[in-house]
Amino acid sequence: MKSRLILTTLRFLSWLPLRWQRRVGTVCAALAFLLNTRMARTTLTNLALCFPELSAPECRQLTQASLRHTFQTICEAGSVWLWPAERTLGCIARVEGLPLLFDAVAEGKGVIVAGPHLGNWELLGLYLSRAGTGPSYQLFQPPSDPRIAQAIYTARSRGGANMVATDKQGVAMLLRALRAGEIVGILPDQVPPPESGDFAPFFGVSALTMTLLTRLQQKTGARVLGGVAKRTPDGFEIVFSEPDPMIYAQDPQTALAGLNATVEAMVRQIPAQYQWEYKRFKRQPPGYLSPYQ
């Protein structure tokens, strides 16, 4: 019943224009803030940790904006997942930094696009396979509900992306793709299992950070680019950017710090569009408590 309700809601949202999908998201965000939901509390906690210079009213204001953008991302799934790929991509008004992507591909060592939970990362994944540089490879960890898993898989792969499992076989596929000069898209700011990450600073706070991207880069010599689909008043803007130079360091800890610095630099450009509702700091080094209640 739950999966049927979710899929029916997404289908309903897909019938609406993009601006109305966003309006629905705005209403949901206002309710989430007024009801002091877990998402609202988590956002306030994260912002207090990462922006200690903000006053209490400023923090609350940014919390409201973040909730609005997060719920808009959820509601935009109606168009990003269910519209024909060409119609969805037609919402992209501008692409900045595309020569960076073409130049990186031309080097022939593969390209890793680090696209954090910023803006509409689902749209960025769709665009990567339609940018004129060939299909991309993207990690896919299906949810437990098979109906939802199939819907997500179909949506994400309809533009030509190769969806790769988050296991040893999947990592081997990513290595082969990079060595063949292909593009790999990774969400670099998810909290990994303890055995798949190490701690590095993110906004000055210790955060368990995935080591996968660093290992892939060091084994292949691939170029790394930041990528984001920024939300604009009438649509979206795709932006590719150079990473922090530390990301190429041979020392793993330095490289992880460079990865988080790369994500942080992108987030600081549009902090309201980051998914602060995620418990990014839930795992802490021994002796330190989680900041979440």
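Share of antiparallel DSSP beta bridges in the chain, in percent to the nearest 5?
For the chain, the DSSP antiparallel bridge percentage is about 40.
Compare Pro252, Pro52, Pro84 in a GNM of the chain, Cα atoms joined below 10 Å, and give the one with the largest fluctuation.
Pro52
Which value, in debye to the nearest 20, gives the size of the charge dipole of region 135-257 about its Cα centre, when Lys and Arg are +1 and Asp and Glu are -1 at the Cβ?
Details: 11 positive and 11 negative charges, 91 e Å.
Dipole size: approximately 440 debye.
What is the order of His117, His69, fewest Cβ neighbours within 10 Å to most?
His117, His69
Spelling out what I want: for every residue of region 190-198, take phi, set θ = phi - 60°, compute 6.51 cos²θ - 1.76 cosθ + 1.60 (Karplus), and round to whole Hz; glycine and proline get x.
For region 190-198, the Karplus-derived couplings read 7, 7, x, x, x, 6, 10, x, 8 Hz, x marking Gly and Pro.
Run the dipole for the chain about the Cα centre, Lys and Arg Cβ at +1, Asp and Glu Cβ at -1, nothing else charged, and hand back the magnitude in debye, nearest 20.
960
Can you give the percent of C-alpha pairs in region 145-184 whose distance is more than 16 Å?
Roughly 45 percent, rounded to a whole number.
What length, rounded to one decimal in nm, is gained on full extension from Asp198 through to Leu98, with 0.36 nm per residue of separation minus their alpha-carbon distance?
Working it through step by step, the gained length comes to 32.8 nm.
What's the exposure ranking of Ser196, Ser129, going from fewest to most Cβ atoms within 10 Å?
Ordered from fewest to most neighbouring Cβ atoms within 10 Å, Ser196, Ser129 come out as Ser196, Ser129.
If amide H atoms are built 1.01 Å from N in the plane of the peptide, which residues on other chains or at least 5 residues away come under 5 Å of the amide H of Asp244?
So Asp244 has HN proximity to Thr262.
Report ³J(HN,Hα) in whole Hz for each residue of region 152-169, in order, from the Karplus equation J = 6.51 cos²θ - 1.76 cosθ + 1.60 where θ = phi - 60°; Gly and Pro get x.
5, 4, 4, 5, 6, 9, 5, x, x, 5, 8, 8, 10, 5, 8, 9, 4, 5
At a Förster distance of 41 Å, what's the computed FRET efficiency of Phe12 paired with Gln250, Cβ-Cβ distance as r, to 0.05?
0.20
Cα extents of the chain along the three principal axes, largest first, in whole Å?
Between the extreme Cα coordinates on each principal axis of the chain lie 49, 48, 36 Å.
Considering amide H positions built from the backbone, and no H for Pro or chain starts, which residues 5 or more places from Phe140, or on another chain, come under 5 Å of its amide H?
Val164, Ala165, Thr166
Sequence gap at least 6, Cα distance under 8 Å: using those rules, report the relative contact order of region 213-286 to the nearest whole percent. Before the final figure, lay out each step's value.
Numbers: 68 pairs, mean separation 16.5, N = 74.
So the answer I get is 22 percent.
Under a 5 Å amide H to amide H cut-off, with H placed in plane at 1.01 Å, what residues pair with Val224 once short-range neighbours are removed?
Placed amide hydrogens put Ile112 under 5 Å from Val224.
Can you work out the Karplus-derived ³J(HN,Hα) for every residue in region 269-282? Use 6.51 cos²θ - 1.76 cosθ + 1.60 with θ = phi - 60°, whole Hz, and x for glycine or proline.
In residue order, the calculated couplings are 5, 9, x, 5, 8, 8, 7, 6, 6, 8, 7, 5, 10, 5 Hz.
Rounded to the nearest 500 deg cm²/dmol, what is the calculated helix-only ellipticity per residue at 222 nm for the chain, with -39500 (n - 2.57) per DSSP H run of length n ≥ 4? Don't skip to the end; give the middle numbers.
Numbers: 12 runs with 142 residues, N = 293.
Value at 222 nm, helices only: -15000 deg cm²/dmol.
Order by neighbour count: Asp244, Asp103, Asp189, Asp198, fewest other Cβ atoms within 10 Å first, most last.
In increasing order of surrounding Cβ atoms, one gets Asp103, Asp198, Asp244, Asp189.
No lab work stands behind these numbers, since they all come straight from the coordinates. These figures come from a predicted structure and were not determined experimentally. Using ideal geometry, Cβ is built from the backbone for each residue, glycine included, and neighbour counts are taken over all protein chains shown.
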